[in-house]
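One structure below.
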Amino acid sequence: MLEMTTDPSDEDTLDREPLFSLDGKEFTIPKSFPVQWTLQYVLLTEEKGAAVAVGWALETALGREALRALATAPPRYEQDVLKVTRIVTARVEGREADGAVPKAPEKPQPKRRAPRKTATPRKTSSRARAAAKP
């Protein structure tokens, strides 16, 4: 049996990278999301709808302060806010921001044997040709 325990500090150990800044304050995002976030996102989407799931993903990935900063950003930053939203939803869905699914690492392919040579028709000897003539 696999036994798991929870520790609230687990999420604090996620490796993060800068995503955007607003008024000189930098906001970060985890470089990769735990698979549990993806599962929670799927459940929320099914149970409460996409808008609730996206809101949850934004707050979980960025934090309440970053979400509030996005919500109060001036209208001229609308495209940037949408881009941040696309990046977060893509990561939580396991996609790249451009919609591509990240490629799984390639597994080494087993070595294959060279194909068997097919038998080539033998040349008929002159004696056999002479015997075959009527």
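Is at least one residue of the range 65-76 touching a residue at least 12 places away in the same chain (Cβ under 8 Å) and within 18 Å of the chain's Cα centre (by Cα)?
No - not one qualifying residue is present in the range 65-76.
Residues to consider are GLU47, GLU26; find the one that is at pLDDT 95 or above and surrounded by fewer than 10 Cβ atoms within 10 Å (Cβ to Cβ).
Going through GLU47, GLU26 in turn, just one is at pLDDT 95 or above and surrounded by fewer than 10 Cβ atoms within 10 Å (Cβ to Cβ): GLU47.
Do you know which residues across the range 17-33 are farther than 14 Å from TYR77 by Cα, part of a strand (DSSP E or B) and touching a residue at least 12 places away in the same chain (Cβ under 8 Å)?
GLU17, LEU19, LYS25, PHE27, THR28, ILE29, PRO30, listed by residue number.
How many residues are among the β-branched types (Val, Ile, Thr) and in a loop (DSSP other than H, G, I, E, B) if we restrict to the range 38-75?
The total comes to 1.
Counting just the residues of the range 77-100 that are among the β-branched types (Val, Ile, Thr) and within 13 Å of LEU22 (Cα to Cα), which one comes out nearest to the chain's Cα centre (by Cα)?
That would be VAL84.
The values are calculated or read from the model by the stated rules, or taken from the named source; none is laboratory data. In this text the structure is predicted, and so the values were computed from the model without any measurement. For neighbour counting, all protein chains shown are included, and Cβ atoms are generated from backbone atoms with ideal geometry for every residue, glycine included.
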